[in-house]
1. Can you report the number of residues in the range 1-44 which are in contact with a Lys or Arg (Cβ under 7 Å, 6 or more places away or on another chain) and more than 23 Å from Met134 (Cα to Cα)?
2. Filter the range 224-249 for residues that are crowded, with 24+ Cβ neighbours inside 10 Å and of a type in the set (S, T, N, Q); which is nearest to Leu276 (Cα to Cα)?
3. Determine whether Lys99 is in contact with a helix residue (DSSP H, G or I) (Cβ under 6 Å, 6 or more places away or on another chain), of a type outside the set (Val, Ile, Thr) and at negative phi.
4. If Ile182 meets every condition in (1) at pLDDT below 95; (2) touching a Leu at 6+ places or on another chain (Cβ under 9 Å); (3) open to solvent by 20 Å² or more (accessible area, probe 1.4 Å) apart from one, which number is that one?
5. Any chance the range 53-73 includes a residue that's hydrophobic (A, V, I, L, M, F, W, C), over 22 Å from the mean Cα position of the chain (by Cα) and either open to solvent by 20 Å² or more (accessible area, probe 1.4 Å) or within 13 Å of the ligand (Cβ to nearest atom) (or both)?
6. Kindly list, by first and then second residue, each pair from a residue in the range 602-628 that is closer than 14 Å to Tyr581 by Cα to a residue that is aromatic (Phe, Trp, Tyr) and open to solvent by less than 30 Å² (accessible area, probe 1.4 Å), limited to pairs with Cβ atoms under 6 Å and residues at least 6 apart or on different chains.
7. State whether one or more residues within the range 476-490 are open to solvent by 30 Å² or more (accessible area, probe 1.4 Å), outside any helix (DSSP H, G or I) and either touching a Leu at 6+ places or on another chain (Cβ under 7 Å) or acidic (Asp, Glu) (or both).
8. Scan the range 666-690 for residues that are within 27 Å of Glu721 (Cβ to Cβ), part of a strand (DSSP E or B) and within 15 Å of the ligand (Cβ to nearest atom) and jot them down.
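The values are calculated or read from the model by the stated rules, or taken from the named source; none is laboratory data. The structure displayed is predicted, hence computed values, not measured ones. Methodologically, a virtual Cβ is constructed for each residue, glycine included, from the backbone with ideal geometry; neighbour enumeration extends over all protein chains shown. Side chains included, ligands, DNA and RNA excluded: accessible areas come from the protein's heavy atoms. Shrake-Rupley method; radii C 1.70, N 1.55, O 1.52, S 1.80 Å.
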Amino acid sequence: MPVGVPRSLGFFYLHPLYRTFLAELGVRWEESSYTSESDLARLDLCPTDEPCVAVKAAFVHVDNLLRKGCRKIFIPAVVSLSETSYCCPKMMGLPSMIKAAFGLSDEDLISPVIDMRDNPKGWPGTWIRAARKMGVSSQARASRALREAVRALRAYEEGAVRSRESFWDTAVMGHSYILDDIFGRGLLERVSEYGPVVTAENVSKEDAAAALHGIFEGERLWTIEGRILGATLHLIRSGKVGRLIFVSAFSCGPASIIENYVAKEAGERGIPLLSLTVDEHSGEAGLLTRIEAFMDSTRTPARRVSRAVVPAGARADRRGCGSGTPDKERCAVPGPGGAGGDPHGRTLAFPDREPFASAIRDEGPIGLVDMGHLRYALRALFAEMGSEVAMPPPLTEDIVRLGKEIAPEFICYPMVTLIGQMRKHAEDGIRKIVMIQGKGRCRLGWYAQVMEEILRKNGYPVRVVSVDSPLPLSEKWERFVESYRDLSGDAHFVRGLRGVRIGLAKIAACDRAVDLLREVRAYEAERGEGDQRFDRFLRELDEARNPAEVKAVFAGYRRDMKRIPRLRVDPLRIAIVGEVYVVNEPFVNKSAEKILGSLEQRVRVYRTLDVTSWLDYHVFKRPRAVIQYGRVVSCAAPYLPLSVGGHGQESVGEAVLAKRLGMDGVIHLFPFTCMPEIIAQNILVRVSKDLDIPVLSLMISEQTGVAGLETRFEAFCDLLEGRRKRSL
Ligand code: SF4
């Protein structure tokens, strides 16, 4: 029986590595064909609708291979392809999503890991173990096969580089698994009819990497998307391209970050840009009509040209496909007042940057943005440092509108509310805004600098001061001190430490108070009494001037909460898991816990993910938090053995743990287009089935309404109650 190799995602970049490895091992394998029209009709093989079309197609490819009799499926987990950056979380999580959806055993899913960033020495070992699963026990043979495979990949990548050419008519930038599969709809062929075309793979890694130097921590952009962006910037800045087509999948996470830099550079250099978003509904006719309109309306200057540059191998066997519904198009043609095309096609005035310089110098108060009840800790921290602040504008529909108007279309929802708060600050004359930052596997690490870019592009002369963890000290201490000086006016570090101490005390008191409130809501005789006391607690907490006062405020609150009359009930026990911002920000999750706490059924909500637990594990490495994290990760391991960024792995582990702790159900809350949680949502379908625990996964966006949420929660609690009655 041949081993099945799905032609999806990583395969398009790494097929020389996969093919050479399997050939060197002497393993028979079967590759799935390119995605077909009939395949597009079966994308519901993917258990959830949220993943991008490239991921959904992978499920069809695996199903085609299993139908052909392949028992084992070879699909590596591509974590990182360079020492400095990760790959898109979906490339990391795809094997686990496939395993969960098809119920594959550990023996039938062959998923070695590529992790050149965090496990440069260990990842080859996973390929040796993979070889053993395919019947090759010789370690020497497997190591040799991997060495040959890496060599073949390097040769293929070098072979695709076209550094000699000095000019191309059009650059078509996008993922190979979009452009070279049905989703590209013959786009490259059509554009090549107008003149030579260049793609990201044609620009050398070195040139692409060099072009990213102008972006703060550009080398940490997702590997493939960093290459796409670097190649684009290199071609534009070196004057090697006449116009640009940027193609991305609907709701593509990394594209929502890099498209800002692409649009800005094209706009500033006067390069016509067409941004296309494709998904399973994109039709060939519609796509080609737009391309023709763009190509006909953007003549490129006549330069020395040479023959079209379709790289060897993958592209050679590309095919045209059938027609479908029109596609979304965005076209930005640079002109006066229009520099830096807006990917959403809105005509926004982009005044030149330099005038900002003077405005930014006289900075005034520091604008704060927040999450949940963090504002109380932030006010105390900055007060201790003697820094004047502008408190976070309370989240409202209007703030969301301000954010949505300028945020990238497929950015994860937290950025929409945060940039909305920043825009409100900027409109109120605030010039300096502080935001946390820390490059990881998901997009959060890019928020601060991308939000600054977007606000400035929209005419707001602001500076976003990003604060990253000082660890590892060798790498990050200097930058941490720099941002401390920037935010504290160089206050003595003792004042900073005092500020951190009271800030942490307020965070811890708040998180404990919220958990006590969850308990009281489940039992209180008079509904709402707990919430009233909690609101008073927050006011008192805000006035507390030192940790001792914080302690006293919490003690008073706890005493009063304990005194609230309670009913003798056995509430439903529900664990809330998901993305940190959504589960902690009541405005964004529509006060989900309060809704659950006010339903007819009594519900005791449990949630471990809060600011205290995040800091305890990620910053202070407190032993209890490290042990708890290990427990959650080991619960997740059979379903999702590796981190996919954010809290994706933890959400799966927490759901498994919830079952072990006797919870009745799990509610999984995550933001629109959140990559790690979309992976978790997909795998939780299997967890729920295997462990017989109901899981309600809800994607939260600006369209989420309170009434809709209430109805979902009521139905979910009815289900849980029914199960309880049946189990008695
Ligand atoms: S989200 Fe984007 S980068 Fe990630 S797999 Fe989908 S198309 Fe690729």
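1. So the answer is 2.
2. Only one residue tops the list, namely Ser248.
3. On the way: in contact with a helix residue (DSSP H, G or I) (Cβ under 6 Å, 6 or more places away or on another chain): no; of a type outside the set (Val, Ile, Thr): yes; at negative phi: yes.
Judged against the criteria, Lys99 is not a match.
4. Going through the list (1) at pLDDT below 95; (2) touching a Leu at 6+ places or on another chain (Cβ under 9 Å); (3) open to solvent by 20 Å² or more (accessible area, probe 1.4 Å), Ile182 breaks only (3).
5. If we filter the range 53-73 for residues that are hydrophobic (A, V, I, L, M, F, W, C), which is where we start, we get 53-55, 57-60, 62, 65-66, 70, 73.
Next cut, over 22 Å from the mean Cα position of the chain (by Cα) only: 60, 62, 65-66, 70, 73.
Narrowing the set further to residues that are either open to solvent by 20 Å² or more (accessible area, probe 1.4 Å) or within 13 Å of the ligand (Cβ to nearest atom) (or both) leaves 66.
Among the residues of the range 53-73, at least one is hydrophobic (A, V, I, L, M, F, W, C), over 22 Å from the mean Cα position of the chain (by Cα) and either open to solvent by 20 Å² or more (accessible area, probe 1.4 Å) or within 13 Å of the ligand (Cβ to nearest atom) (or both), which makes the answer yes.
6. Qualifying pairs under 6 Å: none.
7. Scanning the range 476-490 turns up at least one residue that is open to solvent by 30 Å² or more (accessible area, probe 1.4 Å), outside any helix (DSSP H, G or I) and either touching a Leu at 6+ places or on another chain (Cβ under 7 Å) or acidic (Asp, Glu) (or both).
8. Hit for the range 666-690 is Phe670, nothing else.
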